[in-house]
Structures are given as C-alpha cells and as structure tokens.
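One structure is given here, and the rest of the page talks about it.
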Amino acid sequence: SQQQPQQPPQQEKKIASQASVFICLSDIRLLACDARVIPSSDFIHSKVPYNKAWLRNVDCTKDPSVEPVGVLFPRVGRIIGISPNFPDCYACNIAVVEEFPEIVSADIPYNFPNTQTKFSKEKWKTIIDWLVEGVRQSITLISNDLRDKQPRNGRFRHLIALPVVGTGYGGGGMNTGMILEGLIGLLSSVSRTNDVDIALVCAERPTYALAQRWRLSRNHSELWPSLTELHKKQAVELANYAKSSKLALFLGAGVSAGAGLPTWSQLLKLVYDKLCSDPSSEKVEENFESASQTRQASILLQMCGGSKQKLGENVRAQLETKTFSLVHSIIASLPVNQVITTNYDRLFESASDSVEVMAKNRPYADELLSVLPYQPIKNHSRWILKLHGCITHPEDIVITDEDYENFSKSKMSALAGIVQGAMMTTHLLFIGFGMRDANYLRITNSVRDALGNNVQEPSDLGISLQLIKFPETESNGVLPQNIYMIDNENGNISEAACILEEFLDYFVANSVSISGFLLDDRFTEALNEDEMNLRNCVLQFADELIKIPQTTPGHQEATNLLNDLGFSQTRHDLSQTKKNQQKKTFLQKLLS
C-alpha cells in the first residue's frame, strides 16, 4: 500500500495578551505605572482637593493643583504640576459631605455621604453605585488621555493604578466588602473596553484576601483572559508549593525591567556612554561593542582607572529609582521566605517593605528583612540573598571577568552554598532570569553532580518562567530547568511580559490565604451563610479566649489564628459597643 505522507507536527496554539486586572497588597505611591487615581474631595469647590500624602516620592515642577475636566467626567480632575518622569495623577471626587443625591446620575454625582450618617443596606447599594461610577469616569478619562502616549517602561499596554476608593476617609470603611464587590465587578469590563491594564492596590491584608476570594469565585477566563488551561494548571502547581513552604524565588533583571531599569546589556552601555562623556575617565583602545558582556564590564573598570568603587557608583547611578515594578508588587505578598537575586537594585526589598503598608506590624518591613550578606537578621520573616552584590555596597558588585573568576575564592563564595541548598531542598522558581549567568551555571552543575541519580526530572533543579523558548542550540544541554513557554501571536517580548504578569497574578491569587477577612467587621455584608456561621462560632471563641491568661500554653497560637482571620480586638469592641447601644435604644423605645 502507498505510504501516507507524514503530517507536520501540530504547533501549540499561540496566545495574545489581553487587557487584565491585577490585585496587589502594596503601597500605590511606589508602584511604577502610567497613571494613578487619587481619592479626593470636591475639588471643584474645595481649596484642599486631595491629601498631599498621596504624592509621596513624586517630584513636582510646581505646587500641584487640580484641573477639572468638564461635563463628560464631572468628578475627575487632572493633577497639574507632576514631573513628566512620574506617573500622571488624577483626582476622583469621593468627598465626605452631609447630603447625597437620591438618584445616581453620570451628570451630577458630586458628593459622598458623611461617615456618621446611618444608611440602610439598600441605600448603601445606591451609594456604592455612585462611587463605582466615579471610578468608571476616572479610568475612561485616563485611558483617553494616555492614548497618544507610549506606555512607560516598555510595557505593551498602559497600566493604571487604583486604590480601594471610598474605604478610608471616603466614609465607606464599614462597607468595604460591598465596595470591593462593586469594584471587582466593574474593573474587568472597563479594562477591556478601554484596552488598559488596571492594578487594584490594597493597603491591608483583609481587603486583599476578600478581593482574591471574589476573583477566584468568578469566571477565570474573564479575569485572566490571556492564560491557557496549561498556564493555569502550572500556576496552581506552583501555588501548592508556595502554600506548603516548599518554594523559593530566584529573581533576574527582567523583574526590574517593569520599573524602568535597564537590562544587563543596556546597563553596560549606559555606564559606557556616561564614562565616555567624563573627562576624568581613562581611554581604552579595545572595542567595547564587539566584546562579551563580562569583558565589557572589565573595559568599564579600566575606564574607571581600576577603581571598583567608581565603577560600582556609576552602576548605582543607573539603577536608582523610587518605584518598583508590577511584578515586584505581585510577588512580594507570596508566602515565600527565601529569595535569591543577581540584581543589584533594592526594588524587591522596597516592595516587601510595602506589603500591608497600613499595618502596625508590617510582615516584611525593612527591619525584619534579612539581606545577605550585608544585613543578616536572626529573627527574620524573610531573607533575600544578593548573589552579585547590592548598590548599597558598590565596591562589592560582581560584574567583570575577574569578578566572575574570583567568585569562588571571594567572600561571596559562601553565598553559592545557600543557593545550592535552596536548589536541593525547595522548588526554586526563576523569574526574569536568562539562565546563562556563569556563576549560576557553575552552581547548577555542582548541585547536579552532588545529587547524581537523585535528579529524576529537570524540575528537580528548579522551574523557570521564560517569555520565549530558547532554541535547543542555545541550551546545549546545560539548562536542566523546566521552562514554561509564554508565547504570543507576534512574538512580541513586551506583550509576552504582560502575559507573564497575568500568570504571576493568577499564581499568587491561588497561593495566598483568602480567609483573612472573616472576622473583620467591615466585611460582614460580603459573607455567605456558611461563612457567617463560622464567623459567629469563632467570635464566641474569641470572647472566651480573652478570659484566659495569656501565659496559658497554646494561647499565643490561638491568638495568631484569630489575627490570621482578620480579628481586631479594638474594632470588635467598637462593633459590640454599637450593637449594645442599638439594643439599649430599641428597648427604651419599646418600654416607652
């Protein structure tokens, strides 16, 4: 019989990035983005249109003021006076006033109700519709304004950062759950309509937990539209490692690219151009452009007269920024305590410090973060290993041929042992890392040799999230990691980076606890019947626990459990006082 022609192998369907909504537990004032929404008062009639604290770390060309937009967006104003090097800022009116219009209208909804005023649940639904309308106006206006501008930091699409508006001085704090549900319902549609990415930035863990719970209970294909089923399966597998404390992170330069920092090759060229314009620099004959990257660094050292301090300071000047990337913001809230990086910058440390920015005891505050080898802390909540040094110690950075050759002999060699231990005892997740660093390859080979036949799968030595698949000729058999392919229709790197952000967002949503709001009185309206029954049982337990001496064995563990579920003794006491007062008033009316 005639042999049938062989069919070509079926190629995996390529994907394209679609506009997405991300949720972060962070400080919105430090997130790198194209624009921010700033809650404000009635700026049309007020001389103090917004809280200046919202402009922390923002450089201004003059004293900022608000420019009202007009009829189409009556509650939105552009903040004038922001330096062009910083994200654009827009004021959205959620003013606290006594009166509130009965009918929500896009033409006239100016004022938000006074916090002290009592409203029914139905009235609050109307108020929240009014608040959500202000957010819709803000996102629509900002999207229109950004349309003729290139996205910052090489992003594929613009990124707008939004706080959970109306839950602070806006007056709706005790109805945060209802407000959050309204925002989650709005943002996906307004993101797609305007083709912008939106980061909803939560300042507190209970709010963040409920936001993630809302998302995970909804249509995943709508909320994470760019991810394939394979992506989601891989993300859930990683999430299971994180929840069981079996995951560690390895961060490369790609993580910081979203904050506007240069890649490795770009960094070398920037320093070279800077030194070429410096009359005090030494002249070199060797061709910089044709040299390897580590050799280029050695040329830069020669131009610095052999001064490692001067070279390090020039590197530091190119890496100083006040904002961290969306990726930093997303992964900083992971339940992961071991982080390794070859990056010189401090952006992951800054993002960690910003987790639960409003909390009295931030879990990863600077004073609780152990930075190895420079700031070792015994009772740390998280450690980060700076494998190639840090800009805080410019003389130590590993950058030249000589530095790489001397790595195993220097004080940094002890750090390699920590990396080897992480590879052997955890699932090491590589993000934004090119996998071709000489020290990394040396460490990997030593681990593989030590483990021998115990290496059953490539993933035993780590899992790498890469934008585009390396050609087989590039790997040359020395890269044992699994690589999750994140590809797209056009092979566009910046578009693939957006898909990676979406992957990480889904991964983190499945990793973090989503029960931290259960005992918080601001979220009672968001609870279903089973959750409310559980809440009541646990609150009864909390009332009894208070009567037991704190020195009793197990008391601290029980207290920690309550805190993890969002319990606040002060807020609970206030709530109980209000309920008792309501009962007292009701009885007085009944008896009279």
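Note on M532: accessible area approximately 60 square angstrom, rounded to 10, probe 1.4 Å, nucleic acids and ligands left out.
Residues M435, M424, ordered by accessible area of protein heavy atoms at a 1.4 angstrom probe radius and largest first, appear as M424, M435. A probe of 1.4 angstrom, applied to the heavy atoms of all protein chains, finds S350 with accessible area near 40 square angstrom.
Amide H to amide H, with H built 1.01 Å from N, L385 comes under 5 Å of V339, I340, T341, L372, counting only residues 5 or more places away or on other chains. When you filter the trypsin sites (Lys or Arg not before Pro) in segment 154-263 for DSSP loop state and at most 14 other Cβ atoms inside 10 Å of their Cβ, you are left with R218, K246. Each peptide in 268-278, 124-134 was scored by the mean count of other Cβ atoms within 10 Å over its residues; highest first, the order is 124-134, 268-278. Applying the criteria of a DSSP loop state and at most 10 other Cβ atoms within 10 Å to the trypsin sites (Lys or Arg not before Pro) of segment 371-422 yields K378, K411. In segment 210-366, the portion of solvent-accessible area held by carbon and sulfur atoms comes to 47 percent [1.4 Å probe, whole percent, DNA, RNA and ligands not counted]. Output needed: percent of Cα pairs per 5 Å distance bin for segment 342-432, bins running from 0 to the one holding the longest distance. All Cα pairs considered, the percentages come to 3, 12, 20, 22, 21, 13, 6, 2, 1, 0.
The values are calculated or read from the model by the stated rules, or taken from the named source; none is laboratory data. What you are looking at is a predicted structure, and each value in this text was computed from that prediction instead of being measured. Positions of Cβ are generated from backbone atoms using ideal geometry, with glycine treated the same way; all protein chains shown enter the neighbour counts. Side chains included, ligands, DNA and RNA excluded: accessible areas come from the protein's heavy atoms. Shrake-Rupley method; radii C 1.70, N 1.55, O 1.52, S 1.80 Å.
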